[in-house]
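Beneath this line is the structure, given in structure tokens, with notes to follow.
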Amino acid sequence: MSGYPRGMLSHPLDPLSAAELESIVAGVRAARGLDERHLVSMVALEEPSKSELSNWSEGDELDRSARITIWDRVAGLVSEAVVGVDGNLRSWTDIAGALSPVLGPEALDALAAAKADSRVIKALADRGITSPDDVHMETWPFGAQIPAGLDDGRRLIWTPMWHRPTPEANVYAHPIGGLRAIVDLDTGEVVAVEDQPGFPIPQTPAPYRASQTGANIELRELAITQPDGASFSVDGWQVSWERWKFRIGFCQREGLLIHDVRFDDEGTERRIAHRMSIAELVIPYGDPSPGAYRKNAFDTGEFGLGNYTNSLTLGCDCLGEIVYLDVAVTDGDGAVREIPNAICLHEEDFGILWKHTDELGHVEVRRGRRFVASSIVTVNNYEYGYFWYFYQDGSIEFEAKLTGIVLTLAAEPGKDYPSSTEIEPGLLAPFHQHIFCARLDLDVDGTANSVVEIDAVAEAMGPNNPHGAAYTTRETVLTVESAAQRLVDPFVNRYWKVINPDRTNHVGKPVGYKLVPGHTTYPMAHRESVIGKRAGFMYSHLWVTPNEATERYPAGDYPFQHEGGAGLPDWTSADRSLVNTDVVLWYVFGTNHIPRTEDWPVMPVERAGFHLKPAGFFRRSPGIDVAPSAPKHCH
Ligand code: NI
């Protein structure tokens with residue numbers, strides 16, 4: 001199944017359609033007399049507040065608007081306009097000091113300028129490369145110190161380069177060491193060429209296309225068929241599956257979003273979450289070599305990760321009965337681009353949900369199934385899959401799938417590289433971390449919630465612990481923002497629970513959902529480093545803030561070349577109260593990637609994520625109500 005009806009507009013939280021985006025861009029251009037010096041950095045739905053949403057009912061008029069960020073290349077100024085989807089300008093605000101993220105058209109201009117630069121052409125010729133067309137260049141923001149003399153506030157990118165010796169070669173096998181152009185994004189001028197000789201271009205090819213590798217390990221067909229159709233329904237952007245109901249959202253910065261999550265608990269629809277997204281992704285690199293240390297990109301805030309969403313038509317990304325949703329984004333020149341089949345909705349068998357064989361030999365077993373909402377982006381060398389899973393036991397899981405090709409450097413012969421892995425002779429993959437920050441606006445049975453940290457504690461042996469194996473839990477309400485910047489701690493089995501203090505369960509305890517950390521990492525960059533300051537959110541795994549519509553991105557709204565301190569570290573310095581209020585959890589997680597030779601030439605999927613599980617929310621396991629499988633499936 002594919003090609004879900006496009007342009008159906010039925011709910012205030014629906015993503016902006018292509019027609020709406022066109023009207024918004026045309027409206028702001030006309031109202032403000034914008035011309036080619038003005039680029040469109042970002043367009044985001046102005047989401048209605050919770051009270052506006054609760055006052056809205058189906059059939060009511062939709063008063064939709066968007067926040068559009070305009071970059072004036074000549075004045076070097078970011079402005080934010082709020083524009084109705086009818087094109088009417090509602091407000092215009094200049095944002096002093098902000099810089100636009102990298103935009104597609106200017107990145108293309110920068111690459112063309114670098115390829116045409118006589119210094120680059122000569123440096124390539126010195127390395128035996130006669131045509132710049134055989135060179136793959138990328139535009140990377142400065143994730144670390146900008147070279148002296150260029151640090152006057154202008155927007156810059158630099159261009160790592162790779163050789164393409166044959167038309168279908170894997171370019172990442174052939175990094176061109178020591179050579180980079182630095183381009184002023186706004187003037188399109190190559191302002192510096194860094195050329196350091198002495199780095200032989202690694203020559204070992206790294207083919208991965210089936211036509212090149214002859215990949216021939218095959219298994220017999222495994223068919224996923226749903227002869228009676230899928231068990232979910234999609235109405236506009238709302239999904240109903242099993243007892244779950246939620247809305248799919250999308251924005252060009254964060255990509256896939258989940259809104260308004262509810263669960264039907266024995267006939268009562270109960271609220272669990274209002275909005276969940278991955279609000280930032282930053283990748284600090286740990287090799288001090290010139291080709292690596294600058295690569296600390298904020299893929300969400302500096303690129304707009306959603307802009308790079310794959311069209312899933314072209315591959316075999318999902319199996320079974322699929323519903324795809326299309327999305328639309330606005331490119332820097334204001335052109336609206338549709339991404340067909342951007343979001344995949346489907347069900348997966350997930351093994352057993354529960355089982356017990358009793359003392360009489362009676363067996364009860366239930367197969368489990370999960371609902372999956374997913375999308376995949378390609379940002380230069382890397383792919384990131386965002387997968388949200390909904391389970392029949394009332395739990396939710398987020399899983400990032402990391403794949404694609406590791407970044408590479410050419411080694412200087414005779415030099416040690418203690419912060420990289422040599423994956424082929426002379427070819428290095430620098431150590432790095434992928435650090436995600438989820439923004440989780442949970443509403444557990446309503447908006448008035450508190451957050452509790454739960455540690456398991458063993459008392460000293462003595463009267464309270466006579467046999468030495470007793471342990472209990474210590475619950476600490478995170479009352480203010482300064483007390484709610486926390487680290488994972490597997491030694492005390494730490495987790496956090498969002499509770500509704502005013503709603504109790506059948507044993508008189510507040511209802512709650514817990515956030516269960518999964519595999520994660522801690523930043524290796526020092527806090528006082530440039531990237532440490534710019535991504536200050538990395539230094540706590542959990543942050544909690546009172547919900548503020550303007551507090552969306554943990555490294556601030558405009559991380560591009562920002563000196564740091566914005567976002568979570570800034571907001572939480574107010575030390576606001578978190579008790580019995582509308583809270584937002586910010587959960588920081590990721591992986592420490594010490595590349596393996598087995599990550600080459602394309603990295604098998606690595607995973608990182610977290611679970612949200614009911615904890616005292618239901619009176620018993622919601623899985624009990626799942627019927628046994630039909631006998632034909634069970635023999
Ligand atoms: Ni990696």
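Details
- Top-ranked residue of the stretch 350-403 - restricted to ones that are in contact with a strand residue (DSSP E or B) (Cβ under 6 Å, 6 or more places away or on another chain) and acidic (Asp, Glu), ranked as farthest from the ligand (Cβ to nearest atom): 364
- Unique residue being closer than 21 Å to residue 17 by Cα and not assigned by TED's automatic domain parsing to the domain that holds residue 307 when the list is 51, 65: 65
- Set 446, 426: member being over 30 Å from residue 484 (Cβ atoms) and more than 16 Å from the ligand (Cβ to nearest atom): 426
- Within the stretch 599-623, tally of residues that are touching a residue at least 12 places away in the same chain (Cβ under 8 Å), away from the ligand (no atom under 14 Å from the Cβ) and open to solvent by 60 Å² or more (accessible area, probe 1.4 Å): 2
- Inside the stretch 547-598, residues that are closer than 23 Å to residue 488 by Cα and within 16 Å of the ligand (Cβ to nearest atom) make up a count of 6.
- Members of the stretch 189-235 found to be modelled with pLDDT under 95 and either in contact with a Leu (Cβ under 8 Å, 6 or more places away or on another chain) or within 30 Å of residue 99 (Cα to Cα) (or both), listed by number: 224
- The one condition in (1) in contact with a Lys or Arg (Cβ under 8 Å, 6 or more places away or on another chain); (2) in a helix (DSSP H, G or I) that residue 570 fails to fulfil: (1)
- Only one of the listed residues (560, 589) is part of a strand (DSSP E or B), more than 30 Å from residue 207 (Cα to Cα) and touching a residue at least 12 places away in the same chain (Cβ under 8 Å). That residue is 589.
- In this structure, residue 226 does not satisfy being open to solvent by 70 Å² or more (accessible area, probe 1.4 Å) and either in a loop (DSSP other than H, G, I, E, B) or among the charged types (D, E, K, R) (or both).
- When the stretch 578-612 is limited to residues that are among the charged types (D, E, K, R) and touching an Asp or Glu at 6+ places or on another chain (Cβ under 8 Å), the one that is farthest from residue 405 (Cα to Cα) turns out to be 582.
- Checked against (1) farther than 15 Å from residue 332 by Cα; (2) in a helix (DSSP H, G or I), residue 109 passes all but condition (1).
- Test: residue in the stretch 450-457 that is under 29 Å from residue 317 (Cβ atoms) and surrounded by fewer than 19 Cβ atoms within 10 Å (Cβ to Cβ): no
- Residue check for residue 596: over 28 Å from residue 385 (Cα atoms), surrounded by fewer than 20 Cβ atoms within 10 Å (Cβ to Cβ), more than 22 Å from the chain's Cα centre (by Cα) and among the basic types (Lys, Arg): no
- Checked against the criterion of being in contact with a Ser or Thr (Cβ under 6 Å, 6 or more places away or on another chain) and open to solvent by less than 10 Å² (accessible area, probe 1.4 Å), the candidates 305, 312, 281, 325 yield just one match: 281.
- Evaluating residue 266 against the criteria (1) touching a Phe, Trp or Tyr at 6+ places or on another chain (Cβ under 9 Å); (2) at positive phi; (3) buried (at least 18 other Cβ atoms within 10 Å of the Cβ) leaves one unmet condition, (3).
- Condition check for residue 429: under 22 Å from residue 623 (Cα atoms) and in contact (Cβ under 8 Å) with a residue 60 or more places away in the chain: no
- For the stretch 592-635, a residue qualifies if it is at pLDDT 95 or above and more than 29 Å from residue 520 (Cα to Cα), and the qualifying residues are 619, 620, 624, 625, 626, 627, 628.
- Test: residue in the stretch 449-463 that is within 16 Å of the ligand (Cβ to nearest atom) and either under 22 Å from residue 568 (Cβ atoms) or assigned by TED's automatic domain parsing to the domain that holds residue 540 (or both): no
- Only a single item in (1) in a loop (DSSP other than H, G, I, E, B); (2) open to solvent by less than 10 Å² (accessible area, probe 1.4 Å) is not met by residue 290, and it is number (2).
- The conditions of being open to solvent by less than 10 Å² (accessible area, probe 1.4 Å) and either away from the ligand (no atom under 16 Å from the Cβ) or free of Cβ contacts under 8 Å to residues at least 40 places away in the same chain (or both) are not met by residue 406.
- Some residue of the stretch 56-70 being open to solvent by 10 Å² or more (accessible area, probe 1.4 Å), in a strand (DSSP E or B) and of a type in the set (Lys, Arg): yes
- Among the residues of the stretch 251-263, the one identified as in a strand (DSSP E or B) and either farther than 18 Å from residue 397 by Cα or within 16 Å of the ligand (Cβ to nearest atom) (or both) is 251.
The values are calculated or read from the model by the stated rules, or taken from the named source; none is laboratory data. Because the structure is a prediction, the values reported are computed rather than measured. Counting neighbours? That spans all protein chains shown, and the Cβs are built from the backbone with ideal geometry, glycine included. With ligands, DNA and RNA removed, areas are computed over all heavy atoms of the protein, side chains included. Shrake-Rupley method; radii C 1.70, N 1.55, O 1.52, S 1.80 Å.
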